[in-house]
Amino acid sequence: AQSVSQHNHHVILSEAASLELGCNYSYGGTVNLFWYVQYPGQHLQLLLKYFSGDPLVKGIKGFEAEFIKSKFSFNLRKPSVQWSDTAEYFCAVRGTGGFKTIFGAGTRLFVKA
Amino acid sequence: EAGVAQSPRYKIIEKRQSVAFWCNPISGHATLYWYQQILGQGPKLLIQFQNNGVVDDSQLPKDRFSAERLKGVDSTLKIQPAKLEDSAVYLCASSLESRQGDGYTFGSGTRLTVV
């Protein structure tokens, strides 16, 4: 069965600090991987996705994620966070053999100005 | 393009009452999903439609939850009777098709409180 684990439930950073949010998944086959973001008071939005090819994926607002197949990981990174990055971040995985997308529990990021 | 529309935004009901949520996906999106997001957890898929057919409803509590998507466009999700543990945000999402790699577009959700 598919599952997604996000290591940190809450992260607090100062502006300009670097960010890395961990995501590990469990699935026996080929996967599509996603990061979604939910800013305060807004709906979930797609931040970036991995489908195939280059395992380093770049998304909106300077975010990137690296798919490491051997580690079943898809960590989200940003070299320098801003106050406006305060949000909740969800990792999600979908096995290519099926249609169901499984979400992690989310990581709440708070960036101090 | 217009986003995924959901209504109502908020609903408070007493346990054992019934409630219905409505979703209008992005025009042309064949696949529609209903997710339940309990506070502090990630979204959990309740049901997935491809056009007006059900693809996956394995996690839908069918004794109290029902959903339909008539004509392959709008969808309604109903809970009857509601329990306290149904308090959550109900999210509707759509995608162009269910093929690999498509991300979802989410609506703003309906926050349900059962008292």
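The values are calculated or read from the model by the stated rules, or taken from the named source; none is laboratory data. Predicted, not measured: the structure shown is a model, and the values here were computed from it. Positions of Cβ are backbone-derived with ideal geometry, glycine not excepted, and every protein chain shown enters the neighbour counts. These area figures cover heavy atoms from the full protein model, side chains too; ligands, DNA and RNA do not enter into them. Shrake-Rupley method; radii C 1.70, N 1.55, O 1.52, S 1.80 Å.
Per atom type, chain B shows carbon and sulfur on 49% of its accessible surface, probed at 1.4 Å.
Chain B and chain A together bury an accessible surface of about 1800 square angstrom, both sides counted, with a 1.4 Å probe and no ligands or nucleic acids included.
Setting aside same-chain residues fewer than 8 positions from B:K11, which lysines have a Cα under 24 Å from its Cα? By straight Cα distance, B:K11 reaches B:K44, B:K62, B:K78, B:K83. What a 1.4 Å probe finds exposed on region A:71-113 is 60% carbon and sulfur by accessible area, rounded to a whole percent. With an a/c value of 1.5 or above and a/b larger than b/c for the gyration tensor axes a ≥ b ≥ c computed over the alpha-carbon atoms, chain A is described as prolate. In a fully extended conformation the segment linking A:F110 and A:D54 would gain 17.2 nm over its present Cα-Cα distance, using 0.36 nm per residue.
Here's the list of lysines a cross-link from A:K78 could span, going by alpha-carbon distance under 21 Å and ignoring same-chain residues fewer than 8 apart: A:K49, A:K58, A:K61, A:K69, A:K112. Shape class of the protein assembly as shown from the Cα gyration tensor (axes a ≥ b ≥ c, square roots of the eigenvalues): prolate, since a/c reaches 1.5 or more and a/b is larger than b/c.
Scoring A:83-89, B:4-10 by mean Cβ neighbours within 10 Å over their residues and listing the highest first yields A:83-89, B:4-10.
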